[in-house]
Amino acid sequence: MNSPKKPILELNKVTMRFGGLVAVDNLSFTVHEKEIVGLIGPNGAGKTTVFNCATQFYDDYEGDIRFYTEAGDSVDLRSKKVTEIAPLGISRTFQNIELVQDLSILDNVLIGAHYKFETGVFRHIFKTKKARDEEQVWKARAEEILKFMNIAHLKHFYVAGQPYGILKKIEIARAMMMNPRLIILDEPAAGLTDYETDELEKLVYRIRDEYNISILLIEHDMGFVMNICDRVCAINFGKYIAMDTPKNIQEHPEVKEAYLGSEA
Amino acid sequence: MKKCMECMKTRWNRFVALLKRHPPLQYVIFGGMLAIMGLGPYFGIIPVSTAMFGALITVMIWTVAALGINLLLGYGGLISLATAGFMGVGALGVGIFMTEYGWPFELAALMTLLISGALGLLIGIFSLKVSGIYLAIGTLFVGEILRRIFTNVPIFGGERINIGEITFLGRFTIDRNLPFQDFATGASQYERYWLYLILTVLMVLTMIVVHNIVKSSTGRAFMAMSRSENAAQSMGISIIKYRLIAFIVATMLATLGGIMYAIYFQNAPTEAWTLILSLMIIGAVVVGGLKSIFGTFLGAVIIHLVPNLYLRPLFGDVRSLFTGVLIIVVILFYPRGVVFVVTDLKKLWGKLKKRLQGRKETAHDEQS
Amino acid sequence: MSGALRSFDGVKRMNITNLLRVLFNSLNTGSVYALAALGIVLIFRTSRTTNFAQGSIGTLNAYVAGYLFMTFGWSIWVVALASMATAFVTGILIDVFVIRPAAKVNPISKQIITLGLIIVIVGAIPFIFGVDTYQLSRFFTTGAYTVAGATLRHNTIFVVLLSLFLMSAIFWFIQYTKWGLAIRVTASDETTSRLMGVPTKTVTMLSWATAAMLGTLAALIIAPQGSVNPNFMVDVQVNAFFAGVLGGFQTFYGAVIGAYIIAFARNFTNFYISDIWADVIVYSSILVFLYLKPFGLFGKKPIRKV
């Protein structure tokens, strides 16, 4: 898995401050194409802040975050607005599930295709043929992805009242709807049962293999991270500690010290 | 006999399938029903008195304005307290363009809509920077500014602008002052009914437009935005764009409501566009059902027609009390709105049926 | 308000007499707005809702005062105290029966609940007090100083001093007492405070009671300028809100300062520029200001979190 690959996301000396607090401190790491990378660290280590910088929720970070397009061109993400990240090929899920409760699962997934719609509000008001056709095209695509996720049978149900495992899947389906080359997963296994975690593991592999998507994830479930990731990056107080294969990371003394505390 | 029931059932199913394929049809049928009801005062159809006729007029005006608020509040999660102000813009705008400038009705209405659209754009731009309660109070500012312009500035003629008879499409002149029946001859005069029909058509068109918006990717973007702006942005949804659209559509629909007022009453008062009216319209949306188009109409019926027609004769002027209590009770106990009572009852009936069947089956099992 | 003032003089010269007139008038109305606004901020901080019914609660209790004043001929001081007592009860009742059950309702619906309260109160008044309006007298009906040609009523001095005293007392209470601390921590994070043993329910209830009393006092001060009718507080309500956004809802003093600014700006433009366009000019300027500083004079932008 460690053969030299093209990079897809590159953080270079990224620092993010909130007032006096340094949430991310001079952090650098790279995610390669078709790679599953885990970002670990104790609570408050600045993991989600890293995600928020990469997706331009925060644009006042120092340093450099680059994304590489399919053609191999490097894009400085800072030059992009937060809404331009998805069309570029990066999609993400959220720690607190951000789905529209009183909309069907299919419609929620369709929200992911939003930026692909070429018809504007005027065509929607008059429901022109083009608008109708476009709706059909993306609906078909959404159903395909739901089938891939094994939840196609639920597509007409409301999101409200669905079990946690399903909600997580809908979020991932919505992220895939954006046709990304990199998916950023914020604690995908949190709150899942063991069975659901196993299922998620297989799903993540399939997303990478069948759709050629790279994955960057934050997770506290160490078993899950160590199983699934090609490489793991450990940080503490926003600072880089080490980045290596799961096996080496587990044995890394500083990681043990920082992450597992003195008892390890 | 049974065979006939069967064929009725298949016909009904076919009809439901047709509605599902062409959802706007349901609004057209609804409009048709309203059009028939409007004939009440002419043929003495019992439930539709002249009072009911008048109440339905107001209900339709409110529904159009409230649909804009529903789009804004129900789908977009934004609030505006300037609804009444923009209704005033509609009625008074048409009035000024027609009486001061002598424009034909259609041009006056179009111009008024464009102006209110521009004002909506301004509020939208304002909302990009200002959010939450600051935004709500910001729209209250707009409503107050408009109200003070209406009442203070001399061009609005003090109390009201009298428009008088309106000529539609340059050919059809309708004077609403003619009563339903000619006093001398007793012959029916259909002037008011034609105006009623125009209002019905405008309301049905508004319903279809709002339906099309909310069932499109624009509508989904509104809902994503109201759930979480940050998440919506990460999906490439531009908050700027959709806030602007929401405010522009809402103000234009409020204005259309005002124009409908001018069409039917053929005058435009200056003092009617108060905060209380805005609140009543928000009340109609909340009570009837957020995110429901028929619910909005139902809300207008509950908040305007029911207290005016049925409660006032019995208990005196309880309109405000009734509306206020209803708003609070509905939010506390039925936050989705009264229109969802039907869906919930259906669900409950399904559950009951299942439970009854289950009981039967277990009883059956025990027996065997 | 100052329309009468202008006709009295007729000349809009920028001399000291006119300026003082505007100022005295503004101090009076400013105090009214400030009292109402402080109540709104207090409720916003403890209940996370904007109380649109602040003015209406004041109206309701001003009716109590008006009723007692005109029916039994009691002294204005006694009816003021009586209406303060009913205000206290009104606040508690509203909290217990409307606000507390709505704890889990989303913020916009909560706002709409208080909008519903306005409609309830406006609708209930004719049933309780009839359709007649009531009159209330000033606290001091006679007595005035003349400062550089401008009249300064004893009543105005009393009203301004009373308001300033009450507001200072509330600030002191919030800043330096144990209960004040409870209010502040409830304001910053209700759930955590409750878990830490702060009686947040009592805090919220007392905030509503205090806010109701502040609103009622505002109503009693403004009532003598017109009559007590169902809508006589709408102007105060609206301007108190505007004061809140101008000063920012994050501090307790911001709204008070905002209230005096708005009162002065309205009177000043009304007197010197145009009585037709005064409110339009002032309100539009505040809107522009708000666009530039979206969290008011003293507010800060919160950090975004995902």
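From the Kirkwood radius over Cα pairs of the range B:26-337, Stokes-Einstein at 10 °C and 1.306 mPa s returns a whole-number translational diffusion coefficient of 80 µm²/s. Using only Cα coordinates, the Kirkwood hydrodynamic radius of the range B:29-105 works out to 15.0 Å. Comparing B:His211, B:His304, B:His22 in a Gaussian network model of chain B, where Cα atoms under 10 Å apart are tied by springs, the biggest mean-square fluctuation is seen for B:His22. Can you give me the angle between helix B:105-129 and the longest principal axis of chain B, using Cα atoms only, in degrees from 0 to 90, rounded to the nearest 10? Approximately 70 degrees, to the nearest 10. If you find the alpha carbon centre of the range C:205-280 and of the range B:277-356, how far apart are they in angstrom? Here the two parts' Cα centres lie 34 Å apart.
A simple charge model with +1 on the Cβ of Lys and Arg, -1 on the Cβ of Asp and Glu and nothing else charged puts the dipole of the range C:16-292 at about 560 debye relative to its Cα centre. Indicate the gyration tensor shape class of chain A (rounded, prolate or oblate), computed on the Cα atoms with a ≥ b ≥ c the square roots of the eigenvalues: a/c under 1.5 is rounded; otherwise a/b larger than b/c is prolate and the rest oblate. Prolate, since a/c reaches 1.5 and a/b exceeds b/c. Considering only B:Ser320, B:Ser278, B:Ser127, the Gaussian network model of chain B with Cα springs below 10 Å gives its largest mean-square fluctuation to B:Ser320. For B:Leu81, the residues whose amide H sits under 5 Å from its own are B:Thr139, B:Leu140, ignoring neighbours fewer than 5 places away on the same chain, with H placed 1.01 Å from N. Of the trypsin sites (Lys or Arg not before Pro) found in the range B:165-207, the ones in coil according to DSSP and having at most 16 other Cβ atoms within 10 Å of their Cβ are B:Arg171.
Taking Cβ atoms as reference points and 14 Å as the exclusive limit, the residues near B:Gly295 contribute a net charge of 0, counting Lys and Arg as +1 and Asp and Glu as -1. Note on the range B:137-215 and the range A:1-59: Cα centroid distance 59 Å, given to the nearest whole angstrom. Loop-located GluC sites (Glu not before Pro) in the range A:3-83 (DSSP state not H, G, I, E or B) with no more than 15 neighbouring Cβ atoms inside 10 Å: A:Glu70.
Taken about its Cα centre, the range A:100-178 carries a charge dipole of about 140 debye when Lys and Arg each add +1 at the Cβ and Asp and Glu each add -1 at the Cβ.
Here chain A is assigned +1 on the Cβ of each Lys and Arg and -1 on the Cβ of each Asp and Glu. Its dipole about the Cα centre then comes out at about 940 debye.
Could you work out, residue by residue across A:121-128, how many beta carbons of other chains sit within 10 Å of that residue's beta carbon, and then give the average as an integer? Let's see the in-between values first.
On the way: counts 13, 1, 3, 10, 9, 3, 9, 1.
The shielding value for this peptide is 6.
If you find the alpha carbon centre of the range A:187-231 and of the range A:91-135, how far apart are they in angstrom? Rounded to whole Å, the Cα centres lie 27 Å apart.
Among the chymotrypsin sites (Phe, Trp or Tyr not before Pro) within the range A:140-231, those in coil by DSSP and having at most 16 neighbouring Cβ atoms inside 10 Å are A:Phe157. Remark: the protein assembly as shown projects, on average over all directions, an area of 51.5 nm² (convex hull of Cα atoms). For chain C, the fraction of alpha-carbon pairs lying more than 37 Å apart is 15 percent, rounded to a whole number. Comparing A:Leu21, A:Leu77, A:Leu146 in a Gaussian network model of chain A, where Cα atoms under 10 Å apart are tied by springs, the biggest mean-square fluctuation is seen for A:Leu21. Across the options A:Leu182, A:Phe157, A:His220, the greatest Cα extent toward the positive end of the charge dipole of chain A (unit charges at beta carbon of Lys, Arg, Asp, Glu) belongs to A:Phe157.
All of the numbers you see were taken from the coordinates with simple rules; none came from a lab. Keep in mind that this is a model prediction, so the values were computed, not measured. Virtual Cβ from ideal backbone geometry, glycine too; neighbours counted across all protein chains shown.
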